[in-house]
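Notes to accompany the following structure.
The values are calculated or read from the model by the stated rules, or taken from the named source; none is laboratory data. Every value quoted in this text rests on a predicted model; they were computed, and no experiment measured them. Positions of Cβ are generated from backbone atoms using ideal geometry, with glycine treated the same way; all protein chains shown enter the neighbour counts.
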Amino acid sequence: MIYMVDHVYTDPATEGAWHEWYAGYLRKLVSVPGIHTAQRFKAVDCAPSRYLAIYSIDSAEVYSSEAYKNMGGGGSQSARFHYAYQLWTRNLFDGASRVSVVT
């Protein structure tokens, strides 16, 4: 399955800190059993900044697992940045098992 999160981030003053936090968070996510890949992209020429995160997961149940909760998953880790989210859309897609990792 593919899980995607679409963000519009509206505070340029904290965007660098948010990006730094998110990069570390992606590394934590791929340590959770059932989450295989995690990537993040920034839209070109978009103001305010827009980002897309794509995850390859075994199933939606990974997000209710103890491993996910114990690593701080579920939005609590990013709470200090939520005020700047103009858009926060999450979607789960079936039919693809993995997203290739870009290096």
In the stretch 2-30, which residues are assigned to a loop (DSSP other than H, G, I, E, B) and within 18 Å of SER76 (Cα to Cα)?
VAL30
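Yes/no matrix, rows are residues, columns are (1) surrounded by 14 or more Cβ atoms within 10 Å (Cβ to Cβ); (2) over 15 Å from HIS7 (Cα atoms); (3) not basic (Lys, Arg):
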position	(1), (2), (3)
PHE41	no, no, yes
TYR55	yes, no, yes
TYR63	yes, yes, yes
TYR68	yes, yes, yes
TYR83	no, no, yes
ARG90	no, no, no
Of all the residues that make up the stretch 72-83, how many are modelled with pLDDT of 85 or more and farther than 14 Å from TYR22 by Cβ?
1
Among residues belonging to the stretch 22-37 that are buried (at least 16 other Cβ atoms within 10 Å of the Cβ) and β-branched (Val, Ile, Thr), point out the one that is farthest from ILE54 (Cα to Cα).
VAL32
